[in-house]
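First the structure, in the form of structure tokens, and then the observations on it.
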């Protein structure tokens, strides 16, 4: 299914507390627009699903969900370590689908960190319904330690 003219006219209408993410890389920016918020318990990323995010069956493409989860995992690693990291491995469990118009949001957390490798997990939701769970292993790039990121969404 290709993007329609109305796809770009969709109002994102993010939930309260979300602000636009503006420091993402070109690939992620192209897939957005994305939003984020920071709470006492951590951080959240969100996106309003559009037709261009979907496969030929009208549900969010698994690759889109995986890219979104990878950004969540990378953000969790950076927030915990203040170090840029590269994805070594990511495992995904698809639990349900998201459709155009749905607000997809997710969060992630580090489960273990060593001097060179970090393990983490992410959860994606539409409302209270789980859409995907992911785990990841990231390699810390020590030469990038301490880089300043103006947003929690630096992926």
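All of the numbers you see were taken from the coordinates with simple rules; none came from a lab. Source: prediction; values computed, not measured. Note that each Cβ is placed from the backbone with ideal geometry, even for glycine, and that neighbours are counted across all protein chains shown.
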Inset, instruction - List 36, 61, 45 from most exposed to least, where exposure is judged by having the fewest other Cβ atoms within 10 Å. - result: 61, 36, 45
Inset, instruction - Using Cα pairs closer than 8 Å and at least 6 residues apart in sequence, work out the relative contact order for the chain, in percent. - result: 26 percent
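Quick one: which of 49-55, 29-35 comes out on top by average Cβ neighbours within 10 Å, and what's the full order, highest first?
Order by mean packing, descending: 49-55, 29-35.
If I stretch the segment between residue 29 and residue 128 completely, what's the gain in nm (0.36 nm per residue apart, minus their alpha carbon distance), one decimal?
On the way: separation 99, 0.36 × 99 = 35.64 nm, distance 2.60 nm.
Full extension of this stretch gives 33.0 nm more.
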Legend entry - Answer label for Rg and Dmax of the Cα atoms in Å (calculated), chosen among (1) 15.2, 48; (2) 21.0, 71; (3) 20.3, 77: (1)
Inset, instruction - Please report, in Å, the Rg and the Dmax of segment 36-124, where both are computed over Cα atoms only. - result: 13.8, 43
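Hey, what number do you get for the chain at 222 nm if only DSSP H runs of n ≥ 4 count, each worth -39500 (n - 2.57), divided across all residues, to the nearest 500?
Value at 222 nm, helices only: -5500 deg cm²/dmol.
Taking 0.36 nm per residue of separation and subtracting the Cα-Cα distance, what length does fully extending residue 139 through residue 89 add? Each step should come with its number before you reach the end.
On the way: separation 50, 0.36 × 50 = 18.00 nm, distance 0.95 nm.
Gain on stretching residue 139 to residue 89: 17.1 nm.
What is the gain in length, in nm to one decimal, between residue 99 and residue 57 on full extension, counting 0.36 nm per residue of separation less the C-alpha to C-alpha distance? Intermediate results must be reported in sequence, preceding the final value.
Details: separation 42, 0.36 × 42 = 15.12 nm, distance 0.98 nm.
Full extension of this stretch gives 14.1 nm more.
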